[in-house]
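Student: Shown below is the structure under consideration.
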Amino acid sequence: MANLKDLAIFCHKMEQMLHSGIDVRRSLEMLQDDKPGSLSKALERTCEGVAGGRPVHSAMRRDEAVYTPDLVNAVYIAEQTGHMDKAFGRMAERFDAQLKTQQQLRSAMIYPIIVLIVFCACLMAVAHVYHFTPLAGLVIAGIVVGLLMLIVVHQGGRELGQRSVSVGSLLIYMPVIGRNIKQAELADFASNMAVFYECGVAVEEGLRYCVSSIHYAVLRQQVTRATEWVKQGHPLSEALQMQGVFPSDLIFMLKTGEASGNVEGMLNKIAEYYRKEVENRTQILMTILRQ
């Protein structure tokens, strides 16, 4: 996957050019040399595919790992409905929000890392004076190994959660971290569905595309089940409520949108609400880490 900043800039520029009346093929060609790296190479291959007569989403699908499944699916829907600029605009907002949260987390970790480095340096200085350097070295090695293990467990747990329903369930119900994971996923889900509603896509079809964009297996499973209920004629809010894992505030807001005929607007509010919740919790974590 290209970094979030490059994806956000790419989507913003595509929205502006498409809104100005430049066709999608010309827009892609103008941007292919804009950024070096994986995104530039992916754009080059996409331009070749579009020039060869392939639909934009099909040409992008070859580099889905770079563009993200969310963006490719949004482009596919936009091609069917003619709302390409809106799709890129929504995805730009999504990448901006994700980038902001990522930057906050990185910023939060800078201070603890500096403190840890200073502590290790002081420990080695004291050890040198009082002649217990080997013991201090073991302590520092233990700290480094512990941190590496935490990183491996975190990364491995996230990857397992993407494949295993049981591991995913364990992760999303963990205190603080689990709530952040779940709310971030729900924000993306609501944002995706808002794009599909805005483009006039049927609810059932929108849910099917959302499934491929959800990272955690446990939530993918629940959305797949909800799709079956929608097939049978149930409204989206009722289909999600029947799964028993979606928060009551999300269900309430969806029912309000369905009653007022503004589901798209309410989905955008849901996405904004959950992103704000994740942002606030991240700010609290940053404050704690800096104490």
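The values are calculated or read from the model by the stated rules, or taken from the named source; none is laboratory data. What you are looking at is a predicted structure, and each value in this text was computed from that prediction instead of being measured. In this analysis, Cβ positions are derived from the backbone assuming ideal geometry, glycine residues included, and neighbour counts consider all displayed protein chains.
Student: Restricting to the range 226-250, count the residues that are buried (at least 17 other Cβ atoms within 10 Å of the Cβ) and assigned to a helix (DSSP H, G or I).
Tutor: Looking only at that region, the number is 10.
Student: Moving to a separate point now. Based on this model, can you work out whether GLN80 counts as within 15 Å of the chain's Cα centre (by Cα), at pLDDT 75 or above, within 30 Å of LEU39 (Cβ to Cβ) and not assigned by TED's automatic domain parsing to the domain that holds TYR197? Give the steps one after another, and end with the answer.
Tutor: Working: within 15 Å of the chain's Cα centre (by Cα): no; at pLDDT 75 or above: yes; within 30 Å of LEU39 (Cβ to Cβ): yes; not assigned by TED's automatic domain parsing to the domain that holds TYR197: yes.
Taking the combined requirement at face value, the residue does not satisfy it.
Yes or no, residue by residue, for (1) of a type in the set (A, V, I, L, M); (2) modelled with pLDDT under 75; (3) surrounded by 15 or more Cβ atoms within 10 Å (Cβ to Cβ):
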residue: VAL126; (1), (2), (3): yes, no, no
residue: VAL152; (1), (2), (3): yes, yes, no
residue: GLY156; (1), (2), (3): no, yes, no
residue: GLU159; (1), (2), (3): no, yes, no
residue: VAL165; (1), (2), (3): yes, yes, yes
residue: MET174; (1), (2), (3): yes, yes, no
residue: GLU185; (1), (2), (3): no, no, yes
residue: ASP188; (1), (2), (3): no, no, yes
residue: MET193; (1), (2), (3): yes, no, yes
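Yes/no per residue for (1) surrounded by 12 or more Cβ atoms within 10 Å (Cβ to Cβ); (2) under 22 Å from GLU272 (Cα atoms); (3) touching a residue at least 24 places away in the same chain (Cβ under 8 Å); (4) among the aliphatic types (A, V, I, L, M):
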| residue | (1), (2), (3), (4) |
| --- | --- |
| PHE88 | yes, yes, yes, no |
| ARG94 | yes, yes, yes, no |
| GLN103 | yes, yes, no, no |
| LEU116 | yes, no, yes, yes |
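Student: Also: Any residue at all in the range 81-95 that is in a helix (DSSP H, G or I), among the polar types (S, T, N, Q) and farther than 16 Å from SER212 by Cα?
Tutor: As a first pass, look at the range 81-95 and keep what is in a helix (DSSP H, G or I): 81, 84-95.
Checking which are among the polar types (S, T, N, Q) leaves us with 81.
Right, trim to farther than 16 Å from SER212 by Cα and you get 81.
There is at least one residue in the range 81-95 that is in a helix (DSSP H, G or I), among the polar types (S, T, N, Q) and farther than 16 Å from SER212 by Cα.
Student: To continue, here is another question. Would you check if ILE143 is in the same structural domain as ARG220 (by TED's automatic domain parsing), in contact with a Leu (Cβ under 9 Å, 6 or more places away or on another chain) and modelled with pLDDT of 75 or more? Before the answer, list the steps.
Tutor: On the way: in the same structural domain as ARG220 (by TED's automatic domain parsing): no; in contact with a Leu (Cβ under 9 Å, 6 or more places away or on another chain): yes; modelled with pLDDT of 75 or more: yes.
Answer is no for this residue.
Student: In the range 17-68, which residues are of a type in the set (S, T, N, Q), in a helix (DSSP H, G or I) and out of contact with any Gly (no Cβ under 9 Å at 6 or more places or on another chain)? Step through it out loud before you land on a result.
Tutor: Here is the first cut: in the range 17-68, the residues of a type in the set (S, T, N, Q) are 20, 27, 32, 38, 40, 46, 58, 68.
Filter again for in a helix (DSSP H, G or I), leaving 27, 38, 40, 46, 58.
Hits for the range 17-68 are SER27, SER38, SER40, THR46.
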